[in-house]
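The values are calculated or read from the model by the stated rules, or taken from the named source; none is laboratory data. These numbers were taken from a predicted model, which means no experiment stands behind them. Because the Cβ atoms are built from the backbone with ideal geometry, glycine has one as well, and the counts that use them run over all protein chains shown. Accessible surface is based on the protein model in full, side chains and every heavy atom, while ligands, DNA and RNA are left aside. Shrake-Rupley method; radii C 1.70, N 1.55, O 1.52, S 1.80 Å.
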Amino acid sequence: GQQVMQIPQYQHVQEGEDFTTYCNSSTTLSNIQWYKQRPGGHPVFLIQLVKSGEVKKQKRLTFQFGEAKKNSSLHITATQTTDVGTYFCGSEYGNKLVFGAGTILRVKS
Amino acid sequence: NAGVTQTPKFRILKIGQSMTLQCTQDMNHNYMYWYRQDPGMGLKLIYYSVGAGITDKGEVPNGYNVSRSTTEDFPLRLELAAPSQTSVYFCASSRQTGANVLTFGAGSRLTVL
């Protein structure tokens, strides 16, 4: 079935360290979306990537879409305690948005 | 705009009971979705709808039913609750496919004992 694989499942970093989560697919993706879910909250849209090799930045967050449109990454520079949460990638298959399993980020201050 | 509103926020059910999770959106979005999220796990698509009168199964539809009689409302029905349906349920909506940015509701936490 349609799947996007996300790694790592869990990461615990010291405040100020960098963090990266990866999303991979065996098939070409039409686009990739990233969402953040704070503990106890609901997923909130961060960004969408559509073009091959696309790179977008939001302050300390950098999002990349692979040249083959089969993988994507989210990189956070110098994590802060406000970055805590679960980061999901998702991709469209027909009319459906299918999500990866998410990466849980914990930040030690 | 309230966005996507889900009720109830919390519910405890006994095995075999039935209930309906309500979801309504005021953004005139055509697409609506139901996801479930088990503890520490990702989001699994249960059912979705591309417009009033049209629904389709997602990844994990067994044990659930939906209807879409209006653009605004997309209720999720559990007919015979089972412990495996203990989860947090999120309703979401989007304007259209191709630019399918989802707006999520706050979630409904369901426990089946």
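Which percentage, to the nearest 5, of the DSSP beta bridges contained in the protein assembly as shown is antiparallel? Approximately 90 percent, going by the DSSP bridge assignments.
Within straight-line reach of A:K51, meaning a Cα separation under 17 Å, sit the following aspartates and glutamates at least 8 residues removed in sequence or on another chain: A:E67, A:E92. Converting phi to 3J(HN,Hα) with the Karplus coefficients 6.51, -1.76 and 1.60 and the offset θ = phi - 60°, region B:7-13 yields 9, x, 7, 9, 7, 10, 10 Hz in sequence order, with x at every glycine or proline.
Among the trypsin sites (Lys or Arg not before Pro) within region B:67-113, those in coil by DSSP and having at most 16 neighbouring Cβ atoms inside 10 Å are B:R95. In a Debye calculation with equal point scatterers on the alpha-carbon sites of region B:4-112 and no solvent, what is log10 I(q)/I(0) at q = 0.10, 0.16, 0.19, 0.24 Å⁻¹? For region B:4-112, the Cα-only Debye profile gives -0.24, -0.64, -0.90, -1.41. Placing dummy labels 7 Å off each Cα toward the beta-carbon, the span from A:A68 to B:T7 is 5.0 nm. Restricting attention to chain A, close to 90% of DSSP beta bridges with both partner residues there are antiparallel. Here is the list for region B:56-93: GluC sites (Glu not before Pro) lying in DSSP coil, each with at most 13 other C-beta atoms within 10 angstrom of its C-beta, are B:E79. Solvent-accessible surface of protein heavy atoms, probed at 1.4 angstrom with all chains present, puts B:M41, B:M27 in the order B:M41, B:M27, largest first. A 1.4 Å probe, protein heavy atoms only, puts the accessible area of A:H12 near 100 Å². For region B:64-113, the Cα-based Rg and Dmax, in that order, read 13.1, 40 Å.
Size of chain A: Rg and Dmax of its alpha carbons, in Å, are 13.3, 42. A quarter of the convex hull surface defined by the alpha-carbon atoms of the protein assembly as shown gives 12.0 nm² as the mean projection. Summary value for chain A: 38 percent relative contact order, contacts being C-alpha pairs under 8 angstrom separated by 6+ residues.
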